[in-house]
Amino acid sequence: MRRGYTLIEIIITVTIMGILSIGMFKAMQALTLRSEKAKALSTLSIDSQSALDQISVLLYNRIPMSVVGFDANETPPYQLLENVSGKTVLQWYGAASESYEAGEYSSFIDMNRSDFATKTLYTPETNLSSVLRTERIKWNDPTFDLSKMVLVFPGNTLNGYGITDSPANAITLTGTPPDTIYEKYSLADSAYALTRKEHVSSCFPNPAFDGNTLLLFYNYRPWKGEGFCDGNVTVLATGVNSFRAQMLNGTIRLAIDMNRSIRGSSTPVHLSKQKVVF
């Protein structure tokens, strides 16, 4: 004769199954949370490395000694980065590297063959007309011309000199000529600036991005009286709660801190990464 289950046995069985179910749910929840954190950490690592790589490429082609640090409410002249700390905006002049790599200007001046009275500098293997070829123009700007470029000498990098169309192997300066001419020069075609949105929200009011958005400003020219808000802007990374830059022994040390919130976790995933630019 088959014996039936008693009510007490059923209650005990249901209780045990409930305890096991809760334990399994907690275990699955912990595994899911751990998986989400690992995924977020991997994403942060990729995003931070991508941002630092893009910044380092732009800084590699900087005009020497043109990197400055300042706060958004400051006015020029700004201090070189090596003389300041804790500033919220990083800015530098970018060299016309595409034209230089294509051999369209040499960056050296023959002092003996230059005519300083007419402000014409003889620079072998230089053709300014080639510098303006369509495929060399940055950001497909059809208005780009020599008036937007500036010649910079070492030792006086925050003061540039305008240039105008010249015969081959020469560059003619506009405006007041410099007191000192150096054999080495660079051509700058844009300035660049880095900062987080919280410091310059008026320049980038897009509500889709919060204050922890790292912004890159470009295609503006301080030597023409323009500020970084006058240029184009692009988003480099989101979730950036801190970005720092420091000049040390001729190198620029970049540091970025990023956070990512995880649903179900009381603390966000945090990642810090650094990179040195020579």
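The values are calculated or read from the model by the stated rules, or taken from the named source; none is laboratory data. On a predicted model such as this, the values are computed, not experimentally measured, just so you know. Here Cβ is always computed from backbone atoms with ideal geometry, including for glycine, and neighbour counts include all displayed protein chains.
Brief remarks on what is shown
- Among (1) loosely packed, with under 13 Cβ neighbours inside 10 Å; (2) more than 27 Å from I55 (Cα to Cα); (3) hydroxyl-bearing (S, T, Y); (4) modelled with pLDDT of 90 or more - the single one T126 does not satisfy: (1)
- Boolean, S265 is of a type in the set (S, T, N, Q), over 15 Å from the mean Cα position of the chain (by Cα) and not in a loop (DSSP other than H, G, I, E, B): no
- Residue list for the range 257-278, restricted to those being over 30 Å from L31 (Cβ atoms) and buried (at least 16 other Cβ atoms within 10 Å of the Cβ): K275, V277
- Residue match in the range 82-99 (condition: assigned to a loop (DSSP other than H, G, I, E, B), touching a Phe, Trp or Tyr at 6+ places or on another chain (Cβ under 6 Å) and either surrounded by 20 or more Cβ atoms within 10 Å (Cβ to Cβ) or among the small types (G, A, S) (or both)): yes
Listed here are the residues, each with its yes/no results for (1) modelled with pLDDT of 75 or more; (2) surrounded by 10 or more Cβ atoms within 10 Å (Cβ to Cβ); (3) under 20 Å from L194 (Cβ atoms).
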| site | (1), (2), (3) |
| --- | --- |
| L7 | no, no, no |
| I16 | yes, yes, no |
| L20 | no, yes, no |
| A27 | no, yes, no |
| S35 | yes, yes, no |
| T43 | yes, yes, no |
| Q49 | yes, yes, yes |
| I55 | yes, yes, yes |
| L58 | yes, yes, yes |
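- Residue check for S166: polar (S, T, N, Q) and at pLDDT below 90: yes
- Just so you know, in the range 152-163 the residues that are of a type in the set (G, A, S) and not in a strand (DSSP E or B) include one that is nearest to the chain's Cα centre (by Cα), and it is G160.
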